[in-house]
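Scroll down for the structure; my scribbles are underneath it.
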């Protein structure tokens with residue numbers, strides 16, 4: 001089977017869900033190094049995951 005183009009990676013417990021987001025090196029490397037997103041990161045590009053009841 002071919003590797004899918006997009007994939008959601010996550011972990012969950014009874015009380016939390018952790019979803020991993022990949023970023024381009026221009027955003028991810030400074031964020032990992034400095035502990036915060038650089039100015040090129042845009043908050044309006046965030047994705048919200050809503051639980052189903």
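Structure above, values below:
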item: Percent breakdown of C-alpha pair distances by 10 Å bin, ordered from the shortest bin, for the chain; result: 17, 39, 35, 8
item: Nearest 10 degrees, 0 to 90: helix 25-34 Cα axis against the chain principal axis; result: 80 degrees
item: Label-point separation in nm, residue 19 to residue 6, each point 7 Å along Cα→Cβ; result: 1.1 nm
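Only the coordinates and a few stated rules stand behind these numbers; no lab work does. Worth saying up front: this structure is predicted, and the values here are computed from it rather than measured. No Cβ is skipped: glycine too gets one built from the backbone with ideal geometry, and neighbour counts run over all protein chains shown.
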